[in-house]
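Following: one structure in structure tokens, then a few remarks.
The values are calculated or read from the model by the stated rules, or taken from the named source; none is laboratory data. This structure is a prediction, so every number in the text was calculated from the model and none was measured. Ideal geometry is used to build each Cβ from the backbone, glycine not excepted, and the neighbour counts take in all protein chains shown.
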């Protein structure tokens, strides 16, 4: 009987994995022994890192999305269906439209969602750049502020050793903000304060979640007259007084609160009962090598929904997708998994509006920061505008 | 540069010596000049590249890769379907294929492509 592989989620992880699986299992697909279906709650695919650029008026919505169908190989069945329930023992899914999908292999690629409502007052008074509409609102504010105080906070999940979305994003946007306000000619009247919480995965009282990068940040910030403060874990926000309060007992006023908000898994994953993550965050217990979900049969997870200590970013998916594709192919052909994820993540960090810093790390190695360069910035620009879509198609 | 200069630290001089040894054949043949010129050219290109040009090149890259991808997908799938049966399709089967929405969309696309090519002639 034909093996049905169902991938849930049309983000970059699900999309590149579906394409790589279609290539890997092409002989079986031709013989009708394997079928691949991808379910997504949207007909469109969004290049999520571009939302950060939207906050600085550098990307139009029309430029950051493509039809998901146009990014998938024709061998893949694509249905716009929102999965509402996972029935793991029965190996089937239910969707909002009432359809039922049976699977032999399931890949959960549903990502994560910002949850500013989890901190009192943050949804009302804070801004972020992890979705389109909030990023547009932030762009309006950043484009009109003439003087005052922009306060930057970062909230980590409460699950131990799990990072917030895209580890380098708060640093990138802080440096972009500095350049943006200089271009507008108001930087000398706007104070920027970058803060970081007391607990950042395994580190304490630092400015970044990896030590080597954290150690070079003070000199970078000092050169640009960006103030920085360790040990500020956002506890609540008073929207009327515009004051952010920390767990550590500090209180800081702001005109714009640019926050990296708490995050959680999507509803269907939260309600599936497969996660034991604290604070109802929903991260799935992930085998850090095979990327299978512990306690479930024939279920893999890719991208933001894992409970691994690696960045919740496309650069992680890019290295996880080949591992899952090889493991599912090997389970079908050999009856066992063969590939191991080494925790590798790569990216080109946007260090200000013009400079870029290529970086990589894995379970064993931290990022070794290098001086940001113009060429690095152009590489990132080229990736944003063209290379990304070839990556999603599984070509790069 | 005088490599025997005492100002070069003892730790660096073996590295420089090894590098010079590697470069010596290029210097002797007068070919190092070409490499230096090439580096200058690369540097000039970096100076000339600006974000709008990179954006245009990136969009060109996307268009080229997306088109190649779509065409190769179509050829691969059509080849697989066409070679499933040893017999060539009969007239009735061809007509049946024409009735399929995907075929009509594909034919429409091909005709529209020719139409736009015609407009540009």
Can residue A:339 be described as touching a residue at least 12 places away in the same chain (Cβ under 8 Å), farther than 28 Å from residue A:120 by Cβ and assigned to a loop (DSSP other than H, G, I, E, B)? yes
Is it true that some residue in the range A:329-343 is more than 14 Å from every other protein chain (Cβ to nearest Cβ), surrounded by 19 or more Cβ atoms within 10 Å (Cβ to Cβ) and within 17 Å of residue A:16 (Cα to Cα)? yes
How many residues does the range A:62-80 contain that are over 17 Å from residue A:12 (Cα atoms) and touching a residue at least 40 places away in the same chain (Cβ under 8 Å)? 1
Output the residues belonging to the range A:356-396 that are touching a helix residue (DSSP H, G or I) at 6+ places or on another chain (Cβ under 8 Å) and assigned to a loop (DSSP other than H, G, I, E, B). A:366, A:367, A:368, A:369, A:393, A:394, A:395, A:396
Test each condition in (1) more than 30 Å from residue A:27 (Cβ to Cβ); (2) touching a helix residue (DSSP H, G or I) at 6+ places or on another chain (Cβ under 7 Å); (3) more than 14 Å from chain A (Cβ to nearest Cβ) for residue B:97 and report the one that comes out false. (1)
Test: residue B:112 is under 28 Å from residue A:68 (Cβ atoms), assigned to a helix (DSSP H, G or I) and more than 11 Å from every other protein chain (Cβ to nearest Cβ): yes
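Mind listing whichever residues of the range B:26-46 are within 11 Å of another protein chain (Cβ to nearest Cβ) and either touching a helix residue (DSSP H, G or I) at 6+ places or on another chain (Cβ under 9 Å) or part of a loop (DSSP other than H, G, I, E, B) (or both)?
Step one: filter the range B:26-46 for residues within 11 Å of another protein chain (Cβ to nearest Cβ), giving B:42-43, B:45-46.
The one that is within 11 Å of another protein chain (Cβ to nearest Cβ) and either touching a helix residue (DSSP H, G or I) at 6+ places or on another chain (Cβ under 9 Å) or part of a loop (DSSP other than H, G, I, E, B) (or both): B:46.
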Please tell me if residue A:353 is in a loop (DSSP other than H, G, I, E, B), over 18 Å from the mean Cα position of the chain (by Cα), surrounded by fewer than 16 Cβ atoms within 10 Å (Cβ to Cβ) and not assigned by TED's automatic domain parsing to the domain that holds residue A:172. no
Here are the criteria: (1) surrounded by fewer than 22 Cβ atoms within 10 Å (Cβ to Cβ); (2) closer than 30 Å to residue A:57 by Cβ; (3) more than 14 Å from chain B (Cβ to nearest Cβ). Tell me which single one residue A:298 does not satisfy. (2)
